[in-house]
Amino acid sequence: MTNSKIQNNHNYDINNNNNPVDEYLQCLSYCDIHPKGIDNDCELICIERHLKTNYW
């Protein structure tokens, strides 16, 4: 397999990474973490943006 073919396959995997759970977890990574857990408002925003349409 040539380098260009490997590179094309690698780009294909990165560009098609539209998994809602992965996007939700990435969104959570931007939320503030308090001693009692993740900021509720931020978590709800992530749920509404990435999971609600797909799972609720």
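The values are calculated or read from the model by the stated rules, or taken from the named source; none is laboratory data. This is a predicted model, so every value here is computed, not measured. All Cβ positions, even for glycine, are placed from backbone atoms using ideal geometry, and neighbour counts span all protein chains on display.
Quick notes
The rows are residues; the columns are (1) exposed (fewer than 10 other Cβ atoms within 10 Å of the Cβ); (2) modelled with pLDDT of 95 or more; (3) hydrophobic (A, V, I, L, M, F, W, C).
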position: Ser4; (1), (2), (3): yes, no, no
position: Gln7; (1), (2), (3): no, no, no
position: His10; (1), (2), (3): no, no, no
position: Ile14; (1), (2), (3): yes, no, yes
position: Asn19; (1), (2), (3): no, no, no
position: Cys31; (1), (2), (3): no, yes, yes
position: Lys52; (1), (2), (3): no, no, no
position: Trp56; (1), (2), (3): yes, no, yes
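- Pair list, Cβ < 8 Å and 6+ apart or interchain, from region 23-41 residues that are touching a residue at least 12 places away in the same chain (Cβ under 8 Å) to residues that are part of a loop (DSSP other than H, G, I, E, B) and not polar (S, T, N, Q): Cys31/Asp39
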